[in-house]
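Each value in this text was obtained by applying a stated rule to the coordinates, not by laboratory testing. Computed from a predicted model, the values in this text were never measured in an experiment. With ideal geometry, Cβ positions are generated from the backbone for all residues, glycine too; neighbour counts draw on all protein chains shown.
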Amino acid sequence: MYYSDAPRLLRPSAAEATPTHRSLFACLLLIVLAGSLPVFGSSPDSKRLVREAQRLNRDGLFDQAEVILRGVLETDPSHSAAKVELAFSLNKQRRVREAYDIVFPVVAAEPKNSRAFAVLGGVLLTAGRFREARIALRNSVVLNRREDLAWATAGLLDYYENRVEDSLANLREAIYYKPFEPDYLFAFAQVSARAEKFRDAADAYSRFLNVSSKSDTDRRERIKSLIGFLRFLGDRDNLYEIGGSTSTSVKFDLVGDRPIIQVKLNERREPYRFVLDTGSGISVISKTTAEDLKIREITRGGFAKGIGGDGRFEIVYGFLRQIEIGDVAVRNVPIYIRDFHSDAQRVDGYIGLAVISKFLATIDYGELSFSLTREANDRKAMDEASASFGLPLRLTSSGFLSGEVKLDGIENELNFIVDTGASISVISDRVANIDSIKQYENEYRHRVIGSAGVTENVPSYLLPKVTFGPYSRSQINAIALNLDVINEASGFEQAGILGGNFLKNYKLTFDFRNSRVTFASVVPEAEQPK
């Protein structure tokens, strides 16, 4: 039996009880305690249509479900179940504002509607409003312990905040109540892979394929390839096994505002040039490098989403016996193999988060050094520094690090990917179209080379001020890109990318265990290059 008390869901954290968030918490709590207002019955035909829309939502046919639900609401504008399911469908289409405007009035009018609270929690989570989302989800479960959607959404929230075991417990709870829900199985597979429980992940993805719609053939091919790779990994012991010294420090070249280090691969004596890339979960090597090392592909199939070109690239999985960074060695490393689209800045690969997250990792742009440590004294000092000065980071479904960034001209903080592998910062085209940001567009156009190819004539903006926590920089160049390919898989909306032209002003220490990063300025604001 899958069952969990899941205390993280049911108990407010200290952050959620701060004055900033008490008003919304009180509002949602009062809605629950107020007692329900009268709810009018629905006709049998409208109930049938809502069930049909739920089936379409389950199969991922959200636009078709939307048509049916809007038809129900034309006939009966007060049909709350149709409103709740419509909000769910709109949220899946990432039309978050519309979804919120539909579901919140239902929560207010029907304060004992656990499904409405669960959908509201999902909408708030997609919008990146984590604290408010947890409040809504907690209320949903208080009203109905068996509200599967609330448990599943709480599992995703925990995953994004790097509480992997809590995430798995909440997702098991959701699957216990609804064992054949594709979304829950898919999420459980993702989180199991993150926990390096590869057999569990492969089994969950297989169950997902058995119960999900057959219409998205490319996605199914991608998952079949992934299942093969996960089963390969599940048969191997000691992935990411660490050897050599407990700490090391190496110099890097800063090329195009990207840190590039020299590494040794598979006991070869000659070094290879790798970008330190916090914008990639898995490490990547070029096809040329793979051929040089005689690395065979493990599986291939389907296409991954990325920036540039047509927005996708073929998935080919491989396996490195060893990566050496200075005096540290990491053995048995899963990798992507793909084409690289530029010869101007020749690199052989990218070191992703799955490797460097095994350590405390420091990128010092002032000293041009990269340090890794597992020493106990360093860990103790970092735990203390993180608690006092660290800025929180979240992990997207697709493995990116995300933090809250403030732009001058926009009132609310926005979620930005923190990406040392990006030479320039990025704002989404949606942010670029906000009136308060449009005025900062300049005449320069950029050629952008991404994982999926090349995009020409990309517009750029000179942002007057960019702030991450207490750290601000003026006159930051940013390009505007369509980030839909990223947001389709991120789980919560990303409004931009904090790239090397911002990060190069700091010494960054990434504490992956506590999901935090500390900053120390290496370039005073007055001396910052324009």
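For the chain, what class follows from the C-alpha gyration tensor (a ≥ b ≥ c being the square roots of its eigenvalues): rounded when a/c is under 1.5, otherwise prolate if a/b is larger than b/c, else oblate? Since a/c reaches 1.5 and a/b is larger than b/c, the shape of the chain is classed as prolate. Rounded, prolate or oblate: which fits the range 72-122 when a ≥ b ≥ c are the square roots of the eigenvalues of the alpha-carbon gyration tensor, with rounded for a/c under 1.5 and prolate only if a/b beats b/c? It is oblate, given that a/c is not under 1.5 and a/b is not larger than b/c. Taking only the Cα atoms of the range 226-333, the radius of gyration and Dmax are 15.0, 43 Å. Of all DSSP-defined beta bridges confined to the chain, some 85% are antiparallel rather than parallel. Can you give the FRET efficiency to the nearest 0.05 for L254 and N144, using r as the Cβ-Cβ distance and R₀ = 45 Å? Efficiency for this residue pair is about 0.25. Per residue of the chain, the DSSP helices (runs of n ≥ 4 H) give a summed -39500 (n - 2.57) that works out to -12500 deg cm²/dmol at 222 nm. When you filter the trypsin sites (Lys or Arg not before Pro) in the range 276-306 for DSSP loop state and at most 10 other Cβ atoms inside 10 Å of their Cβ, you are left with K294, R296.
Quick check: residue separation of R513 and S245 times 0.36 nm, minus the Cα distance between them. What number comes out in nm? 94.5 nm is the gain from fully extending R513 to S245.
If the chain linking R199 and V454 were pulled fully straight, counting 0.36 nm for each residue of separation and taking away their Cα-Cα distance, it would gain 88.2 nm.
As a rough footprinting exposure proxy, the listed residues I479, I242 were ranked by other beta carbons within 10 Å of their own, and the order from fewest upward is I242, I479. Residue exposure proxy: S423, S436, ordered by other Cβ atoms within 10 angstrom of their Cβ from fewest to most, comes out as S436, S423. So which of K83/K214; K92/K214; K251/K465 end up more than 20 Å apart by C-alpha? Long pairs (Cα-Cα over 20 Å): K83/K214; K251/K465.
Shape analysis of the range 385-435 based on the Cα gyration tensor places the equivalent ellipsoid semi-axes at 22, 15, 10 Å, largest first. Distance from the Cα centroid of the range 199-214 to that of the range 311-334 is 26 Å (rounded to whole angstrom). Exceedance of the 28 Å cut-off in Cα-Cα distance is limited, within the set K224/K294; K438/K504; K112/K197, to K112/K197. Dipole check for the chain: with +1 at the C-beta of Lys and Arg, -1 at the C-beta of Asp and Glu, and the Cα centre as origin, the magnitude is about 900 Debye. Between the residues A422, P182, A136, the greatest Cα displacement towards the positive end of the dipole of the chain, with unit charges on the Cβ of Lys, Arg, Asp and Glu, is found for P182.
From least to most packed, judged by other beta carbons within 10 angstrom and beginning with the fewest, S283, S213 follow the order S213, S283.
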